[in-house]
1. Per residue of the chain, what 222 nm ellipticity follows from adding -39500 (n - 2.57) for every DSSP H run with n ≥ 4, rounded to the nearest 500?
2. In what order do Asp102, Asp39 fall by count of nearby beta-carbon atoms within 10 Å, going from fewest to most?
3. Past 18 Å, Cα to Cα, is the threshold; run Lys2/Lys22; Lys84/Lys106; Lys254/Lys279; Lys2/Lys53; Lys53/Lys235; Lys14/Lys53 against it and keep the listed order.
4. Positive end of the dipole of the stretch 154-279, charges at C-beta (+1 Lys, Arg; -1 Asp, Glu), about the Cα centre: which of Val155, Ala221, Asn255 has its Cα farthest in that direction?
5. Just how large is the dipole of the chain about the Cα centre, in debye to the nearest 20, putting +1 at every Lys and Arg Cβ and -1 at every Asp and Glu Cβ?
6. Enumerate the whole-percent occupancy of each 5 Å bin, from 0 to the last occupied one, for all C-alpha pair distances of the stretch 184-317.
7. Using modelled amide H (1.01 Å from N, peptide plane; none on Pro or chain starts), what sits under 5 Å from the amide H of Thr30, excluding residues fewer than 5 places away?
8. Taking amide H atoms as placed 1.01 Å from N in the peptide plane, list the residues 5 or more away in sequence, or in a different chain, whose amide H sits under 5 Å from that of Ile330.
Amino acid sequence: MKTIVYEPTEENIKKCAEIIRKGGLVAFPTETVYGLGADAFNEDACRRVYEAKGRPSDNPLIVHIARASDIGQLTPRLSEDIVKLIDNFWPGPLTLVVKKKDTISKTVSGGLDTVAIRLPDSEATRALINWAGTPIVGPSANTSGRPSPTKAEHVLHDLDGRIDAIIDEGDCRVGIESTVLDMTGDVPTILRPGIVTRENLEAALGKTVELDPTLTAGKPADEDFKPKAPGMKYKHYAPKADMLIVEGNREDVKNEVERLRVLNEKLGNKVGILLFEEKTFNEAAHEFFADLRDMDEQGVDMILAGALSDAEGVGFAVMNRMLKSAGYNIVRV
Ligand code: AMP
Ligand code: MG
């Protein structure tokens, strides 16, 4: 299969919508990362999404819709809280996990009786969904386990020849995936942190929002652990290089990274350094995955990364990715 890269013109988006209608696979831009789109009601197409990514079949897909009112196709009921969240954050980088309708296949839901839904803010992508005439699934458009794709070239690198098309809208603005919020329990619970923070959600809802305990455990989940977001148990975002995070005050981190760089270069290793220092948490989010991929391209053997200090809110979301990328390999100085 030849993968075609399209500019987001009306004509091209209509072509891509036709591909989706026929059961094909189209990678699409969003504000978070690139997604891999297929008709959410076409089970064969959704199976091919798992195949193209090499994604475990029990790791469910997020369904993307073109307008908030389309949520009724996917879930049988809305609560007042869900409506508040939609009003405050959609379109935007917030995914809601809700009870699913029977029309959503277990292929999409990874065998769960819930479904994760998002309304992305890219106009090109909403036009794609609209013209396809169906909600589309959209996991990140990368090979499972690799850093998420924030540019069309990242998608091409991982999936060239495995998908029909890519709509190239340039760099993704946010750079890390959406916040995933479970709305099926008594207390809204964040399953994956993102740039919509716990504080943002609590302010909109006027009530407490919890973090899933795995997010603060500081270590990978045990083998037999059944997390609420099945994606949590898999290896994630891994660069080819070994990665070590150094945590501490800024000056100490810088010195330790320098010491380790010299040491490792003496051993003949190519070392890559990731220090966000003066950058804001949002800038770190924007660059993180692209930096990992750049270092892979350069043939780096070892990445030394400085932990973000006082990583709250968006910083907490970036640190969540950094810890997973490094396989929780962290030293404190
Ligand atoms: P990705 O598609 O790569 O952005 O990953 C989607 C994330 O959302 C994964 O961590 C999934 O496990 C999680 N997710 C998707 N659907 C559900 C669901 N119904 N319940 C809980 N987590 C979900
Ligand atoms: Mg992903």
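1. -10000 deg cm²/dmol
2. On the way: Asp102 7, Asp39 22.
If I rank by nearby Cβ atoms, fewest first, I get Asp102, Asp39.
3. Exceeds cut-off: Lys84/Lys106; Lys14/Lys53.
4. Ranked along the dipole, the leading option is Asn255.
5. 860
6. 2, 9, 15, 17, 19, 16, 11, 7, 3, 1, 1, 0
7. Gly35
8. Here Ile245 satisfy the definition.
Any read-out appearing in this document is the output of simple, stated calculations on the displayed coordinates, not a laboratory observation. Only a predicted model underlies this, so the values are computations on that prediction, with no experimental measurement involved. Using ideal geometry, Cβ is built from the backbone for each residue, glycine included, and neighbour counts are taken over all protein chains shown.
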